[in-house]
Amino acid sequence: MLIGAEVHRRLQEAAGAEYAAEVPLKVTVPVPDDDPFAPGPAATLVIEGRADGIITGGTEYEPDYTIDEIKGVYRDVEAMEGPEAVHLAQAEMYAYMLSLDRSLPEISVRMTYVQLEVTMERKSVKIREDAVRRFTFHYTFEEIEARFRAIVDAYRKWVLFLVKHQRERAESVSEFPFPYEYRPGQKMIVREVYQAVEGRTKLFVQAPTGIGKTLAMLYPSVKAVGNGLADRIFYLTAKTVTANACEDGMRLMEERGLMFSYTKITAKEKMCPLTKMQCDPDHCPRAKGHFDRVNDALFELIRSERGISSEKIAACAEQNELCPYELSLDASLFTDVVIGDYNYAFDPRAYLRRYFAEGVKRDYILLIDEAHNLVDRARDCFSSEIMKEDLLEAKKLFKDDQRAARRLMKANRTMLAMKRTLEESPDKIHVYSEDEDLPVKLYDDLVSVREALSRYFDVHTDPENGEEKLEFFFKVCDFTDTWDAMGSGYRIYSGFTGGRDEVSPGALGTDKASGNFFLKLFCIHPAERLKERLNQVRSTVCFSATFLPINYYKELISGSTEERAIYVDSPFDPCKRRLFVARDVSTKYTRRTEEEYRKIADYLVKMVSQTTGNYMAFFPSHRFLKEVLDRLAPDSEENRASRPDFDLIWQKRVMKEEERQAFLQAFEAPGERSLLGLSVMGGVFSEGIDLTGEKLIGVAVVGTGLPQITKEGELIKAFFEDRGLNGFDYAYRFPGFNKVMQAAGRLIRTVDDYGVILLMDERFLYNQNRMLFPKEWRDARITSLAEVGSEIRDFWRYV
């Protein structure tokens, strides 16, 4: 947008005295009284805009007035055969407004296309004087009026539909009560969320599962939209199950009389009906002619459905041969709530530009569910890397373009120089300081590569190996865009892919390089990037059942520990849950012996043996799980085994969807024998699953959840230590303890749930860990292998 504004300014200043820049234009159009969506008699549409330029002084053969519309593009303007239809339509609207205002019998429209040159800085703009292309069209008043009427008539039903819906929405919201009698804690959440929206602030909410957080978030947000404080709600999730909870809440309120609409957006890969997703008209029959068919289907969909689920999108797309993903994006424009993944708001590669255009502030509400996941997700999406081997492969791919090949080889030579810095220590990484120039040189090289490839794709619209070429081009774009957005929260480092994942205690990997050499722009502190979006919207509410310590999340998400946060106490009866901490076991590396594995297995046997039911145990890793499994059921090769006293199932390293469902299905009904499921902390079964009532009556958490020591973990640790904070806490302890709380949280999901939680590691008794316990864990009882069986038995006797 900044570059576009600069292009406009330069051309306008050079245009001369007969050129008037940035001219506001406006017209009022009556709505026919017989329009089915007319909001009332004498209704009007007011259409206004700002023309880039108006040129006065025609010739004997040209009209006296010309509308000039300027567009900056990165494509070869000399290859253009004419203007883009949507660009021309915009200029024609201005031409009609001016003609009507000044009673002009004829008028001209000039489309001015400017080819932008990519500079090394990319934040400045270079206009090539020889790369400005103009297309001029002449119209009589009757012709331009017909063009204007055609566009307005086609658009009118859409805007009138929205006006009608907004009026109905406001009426339904005004007296709409909370759907149920408030549960403990819900009224507090409702009040705080509404005040946050009203005051344009951020809010962090720690609240237990099962109190109805989703509805308590949606209700005040709906009220705020109905009262005119906000325009739209974005309910952002990390997992499908929480998105489904939002849909359930919206359906419930609709059943109670609320006239609010929503669209659920599902990933393109999941919605695509093709075996292989290829989003172009030559390979996808739904892409071919999509825009010719979409309007009628879309209008019927939004007219007939308030709740537009993924299933309804798929059915409509199938019936009308449309792309379901694009249909869902279009439908979201006409609904009040958009439900989707974090990516659609934050990921630079996937965010919805129709809502979050750069620099444009909107009265939106962001409701971020399970927001403890946002830190790692943000680190991933705001980081980028490039591999030396990718450059060599790309040189082969683009061998038909000498300019691109030369620039790729230059970038490769720069990466080769980087690689040499690690030849003597290939097992390590190299963290670049600000005064080292090789990363800057590589960035400059890749900007040059990007410019060459942009020109290549302007000429070669369907090249050989096009998919691989585009994939590499997008990697280059992602890297250079990330560089441009980098701030103080980043570190730049290089290394080899085979040695960056783990750092064994007391060692640093192997003696020689393994894997591919890479340079990574690593986002350690994502708040600066997240704030770009958070500051664009009216209010953001982040909520989770495991938001402790809250200042850790406030710092990494918003950049400030001063943001308001509330802690909602658990309403659940503590007598229905007994929490034990084992004082005589540990998962420290130095204690991982046969004796320790055997003791942990004995703990699990004692937990399961006191009463028949379903139990789960969570481990720090698959390897640790396997060690304990071997003590519980030796020689087991499948993922199910039977002991004399109970049955066993366990999570495999790789599980197909049907295997995951089978694992969860085993807990659906308690059997005559106890069941113990073994899983991994932070895995697919430790978050986002609801095993309520008798489906789960006991959980064991083995270890404090500390992530394995990695090179990136050590970078995070050093980063926060440089800021005077406890780096170990930020890199390991806090993320690890969140996994513990998530795993333990599988037990108590509703007010009717009951059972035991067993924390198995003596380190849970350390002060720095006990300080992280939620309030509800203050009644934790210390136990040992000799005592735990009788203590659990006592609990079951009186529960």
Of everything in region 91-106, what is of a type outside the set (D, E) and more than 14 Å from F135 (Cα to Cα)? Give them in sequence order. M93, Y94, A95, Y96, M97, L98, S99, L100, R102, S103, L104, P105
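Go over the candidates A243, A238, A170 one by one and state the one that is open to solvent by 10 Å² or more (accessible area, probe 1.4 Å) and either free of Cβ contacts under 8 Å to residues at least 24 places away in the same chain or within 22 Å of G688 (Cβ to Cβ) (or both).
On the way: A243 fails: open to solvent by 10 Å² or more (accessible area, probe 1.4 Å); A170 fails: either free of Cβ contacts under 8 Å to residues at least 24 places away in the same chain or within 22 Å of G688 (Cβ to Cβ) (or both).
Among A243, A238, A170, only A238 is open to solvent by 10 Å² or more (accessible area, probe 1.4 Å) and either free of Cβ contacts under 8 Å to residues at least 24 places away in the same chain or within 22 Å of G688 (Cβ to Cβ) (or both).
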Would region 146-163 turn up any residue that is of a type in the set (V, I, T), open to solvent by 60 Å² or more (accessible area, probe 1.4 Å) and assigned to a helix (DSSP H, G or I)? no
Of the numbered conditions (1) in a helix (DSSP H, G or I); (2) closer than 26 Å to I550 by Cα; (3) open to solvent by less than 70 Å² (accessible area, probe 1.4 Å), T750 fails exactly one; give the number of that condition. (1)
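Could you count how many residues in region 260-277 are in contact (Cβ under 8 Å) with a residue 60 or more places away in the chain and either open to solvent by 50 Å² or more (accessible area, probe 1.4 Å) or not in a loop (DSSP other than H, G, I, E, B) (or both)?
Counting residues in region 260-277 that are in contact (Cβ under 8 Å) with a residue 60 or more places away in the chain and either open to solvent by 50 Å² or more (accessible area, probe 1.4 Å) or not in a loop (DSSP other than H, G, I, E, B) (or both) gives 3.
Does region 545-591 hold any residues that are of a type in the set (D, E, K, R) and either under 24 Å from R377 (Cβ atoms) or in contact with a Lys or Arg (Cβ under 9 Å, 6 or more places away or on another chain) (or both), and which are they? It would help to see each step written out before you state the result.
So in region 545-591, the residues of a type in the set (D, E, K, R) come out as 554-555, 562-564, 569, 573, 576-578, 583-584, 588, 591.
Listed by number, the residues that qualify are K554, E555, E562, E563, R564, D569, R578, D584, K588.
Just checking, which of T275, T209 is over 22 Å from the mean Cα position of the chain (by Cα) and within 24 Å of L691 (Cα to Cα)?
Working: T275 fails: within 24 Å of L691 (Cα to Cα).
It is T209.
Looking at L785, L759, can you tell me which residue is crowded, with 18+ Cβ neighbours inside 10 Å and more than 14 Å from S570 (Cβ to Cβ)? Please lay out each step first, then the result.
Numbers: L785 fails: crowded, with 18+ Cβ neighbours inside 10 Å.
The match here is L759.
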Need the failing condition index for P220 against (1) touching a residue at least 40 places away in the same chain (Cβ under 8 Å); (2) assigned to a helix (DSSP H, G or I); (3) open to solvent by less than 10 Å² (accessible area, probe 1.4 Å); (4) more than 24 Å from S560 (Cα to Cα), just the number. (1)
Being open to solvent by 30 Å² or more (accessible area, probe 1.4 Å), under 19 Å from the mean Cα position of the chain (by Cα) and of a type in the set (A, V, I, L, M), is that true of even one residue in region 335-352? yes
Let me spell it out: the conditions are (1) open to solvent by 10 Å² or more (accessible area, probe 1.4 Å); (2) within 25 Å of A527 (Cα to Cα); (3) in contact with a Lys or Arg (Cβ under 7 Å, 6 or more places away or on another chain), and R733 meets all of them except one. Which number is the exception? (3)
I need the full set of residues from region 38-94 which are of a type in the set (D, E, K, R) and either assigned to a helix (DSSP H, G or I) or modelled with pLDDT of 85 or more (or both), in order please. E48, R50, D52, D64, D68, E69, K71, E78, E81, E84, E92
From V541, V476, V537, grab the single residue that is in a loop (DSSP other than H, G, I, E, B), at pLDDT 95 or above and within 22 Å of the chain's Cα centre (by Cα). V537
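Kindly provide the set of residues from region 693-730 that are β-branched (V, I, T) and open to solvent by less than 60 Å² (accessible area, probe 1.4 Å), ordered by number. Show your work before the answer.
We begin by selecting, within region 693-730, every residue β-branched (V, I, T); these are 697, 699, 701-702, 704, 709-710, 716.
I697, V699, V701, V702, T704, T710, I716 - these are the residues of region 693-730 that are β-branched (V, I, T) and open to solvent by less than 60 Å² (accessible area, probe 1.4 Å).
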How many residues are open to solvent by less than 10 Å² (accessible area, probe 1.4 Å), under 16 Å from L747 (Cα atoms) and not aromatic (F, W, Y) when one looks only at region 605-627? 6
Six or more apart or on different chains, Cβ under 8 Å: which pairs go from a residue in region 5-29 that's under 28 Å from A154 (Cβ atoms) to one that's at pLDDT 80 or above and aromatic (F, W, Y)? Could you list them? L25/Y94; V27/Y96
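Of the residues A245, A196, which single one is in a helix (DSSP H, G or I), modelled with pLDDT under 95, closer than 30 Å to P549 by Cβ and touching a strand residue (DSSP E or B) at 6+ places or on another chain (Cβ under 9 Å)? Talk me through it step by step, then tell me what you get.
On the way: A196 fails: modelled with pLDDT under 95.
Checking each option against the conditions leaves just A245.
Residues are listed down the side, and each one gets a yes or a no for (1) closer than 18 Å to T112 by Cα; (2) under 39 Å from the mean Cα position of the chain (by Cα); (3) surrounded by 10 or more Cβ atoms within 10 Å (Cβ to Cβ):
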| site | (1), (2), (3) |
| --- | --- |
| R10 | yes, yes, yes |
| E13 | yes, no, yes |
| G16 | yes, no, no |
| A20 | yes, no, yes |
| D34 | no, no, no |
| I47 | no, yes, yes |
| I54 | yes, no, yes |
| E62 | yes, no, yes |
Please work out which one of (1) under 21 Å from A196 (Cα atoms); (2) surrounded by 23 or more Cβ atoms within 10 Å (Cβ to Cβ); (3) out of contact with any Leu (no Cβ under 9 Å at 6 or more places or on another chain) is the condition I233 fails and give its number. (3)
Only one of (1) open to solvent by less than 70 Å² (accessible area, probe 1.4 Å); (2) assigned to a helix (DSSP H, G or I) is not met by A641, so which one is it? (2)
Only one of (1) farther than 26 Å from E555 by Cβ; (2) at pLDDT 95 or above; (3) touching a Gly at 6+ places or on another chain (Cβ under 9 Å) is not met by T704, so which one is it? (1)
Would you pick out the residues in region 714-747 that are under 20 Å from A545 (Cα atoms) and in contact with a helix residue (DSSP H, G or I) (Cβ under 6 Å, 6 or more places away or on another chain)? Y730, F734, N738
Scan region 340-354 and report the pairs whose first residue is without any contact (Cβ under 8 Å) to a residue 40 or more places away in the chain and over 14 Å from R232 (Cα atoms) and whose second residue is in a loop (DSSP other than H, G, I, E, B) and open to solvent by 30 Å² or more (accessible area, probe 1.4 Å), with Cβ atoms within less than 6 Å and a gap of 6+ or a chain change. N343/A350
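Looking at R538, R592, which one is closer than 22 Å to P620 by Cα, open to solvent by 10 Å² or more (accessible area, probe 1.4 Å) and in contact with a Phe, Trp or Tyr (Cβ under 9 Å, 6 or more places away or on another chain)?
Numbers: R538 fails: closer than 22 Å to P620 by Cα.
Every option except R592 fails the conditions.
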Tell me, yes or no, whether region 696-712 has at least one residue that is touching a Phe, Trp or Tyr at 6+ places or on another chain (Cβ under 7 Å) and of a type in the set (D, E). yes
Do we find that V29 is at pLDDT below 80, of a type in the set (A, V, I, L, M, F, W, C) and not in a loop (DSSP other than H, G, I, E, B) in this structure? no
Which of the residues belonging to region 411-440 are basic (K, R) and either buried (at least 17 other Cβ atoms within 10 Å of the Cβ) or touching a residue at least 40 places away in the same chain (Cβ under 8 Å) (or both)? K419, K428
Among the residues of region 262-284, count how many are of a type outside the set (A, V, I, L, M, F, W, C), farther than 25 Å from D248 by Cβ and at pLDDT 90 or above. 1
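The values are calculated or read from the model by the stated rules, or taken from the named source; none is laboratory data. The model shown is predicted, which means the values in this text are computed figures rather than measured ones. A quick note on method: Cβ atoms are made from the backbone with ideal geometry, for glycine too, and the neighbour counts reach across all protein chains shown. Just so you know, the surface numbers come from the protein's heavy atoms only, side chains and all, with ligands and any DNA or RNA stripped out. Shrake-Rupley method; radii C 1.70, N 1.55, O 1.52, S 1.80 Å.
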